[in-house]
């Protein structure tokens, strides 16, 4: 599926070909901190299918719990998380964040990883009051 993505302020834009079967939800502690939420939803794509159209993301390297060094890319202006990749100048793939994608509603997660780190309250939200817009 061809997707278009943009950070919150619009300085970074991209296109990519995403396989909807490769969308996953990660509950690791790094994803919790980086997303500011209980988990993060991402899709891994081959480097050849990711095209940065505008802007240059800021990058820093984090050693994950797995021991792998991962480059975290985000907009230096608004802070939107764009992707992660191997710590390499020519990574074989990019793990793109679903949030910046225009087509995010069409890309539900197909698997969950790092479930041992999941926050217990995030497992079932059906009992919470729900509002179409902000709470009254």
Point to revise | Label-point separation, residue 47 to residue 21 (7 Å along Cα→Cβ), nm | key: 2.5 nm
**Study point:** Computed FRET value (nearest 0.05) for residue 56 with residue 125, which takes r as the C-beta separation and R₀ as 41 Å
**Key:** 0.65
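Using the count of nearby Cβ atoms within 10 Å as a rough guide to exposure, how do 133, 62 rank from fewest to most? Let's see the in-between values first.
Working: 133 5, 62 14.
Fewest-to-most Cβ neighbours within 10 Å comes out as 133, 62.
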Review point. Antiparallel as a % of all DSSP beta bridges within the chain, to the nearest 5?
Key: 90 percent
Exercise for review: Could you compute the FRET efficiency for residue 2 and residue 110, with r as their C-beta to C-beta distance and R0 at 22 Å, rounded to 0.05?
Suggested key: 0.75
Check your understanding: 222 nm [θ] for the chain, helices only, -39500 (n - 2.57) per DSSP H run of 4+, per residue, to 500?
Key -> -1500 deg cm²/dmol
Review point. Normalised by the residues of the stretch 2-117, what does the relative contact order come to in percent, with Cα pairs under 8 Å and at least six apart?
Key: 33 percent
Review point. In nm, to one decimal, how far is the modelled label at residue 65 from the one at residue 29, with both set 7 Å along Cα→Cβ?
Key: 0.7 nm
Check your understanding: Across all directions of projection, what mean area in square nanometres is found for the Cα convex hull of the stretch 79-136?
Key -> 7.1 nm²
Point to revise | Residues 132, 124, 87, 30, sorted so that the one with the fewest Cβ neighbours within 10 Å comes first | key: 132, 124, 87, 30
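Read the figures in this text as sums done on the coordinates, not as results from a lab. None of these values were measured; they are calculated from a predicted model. Positions of Cβ are generated from backbone atoms using ideal geometry, with glycine treated the same way; all protein chains shown enter the neighbour counts.
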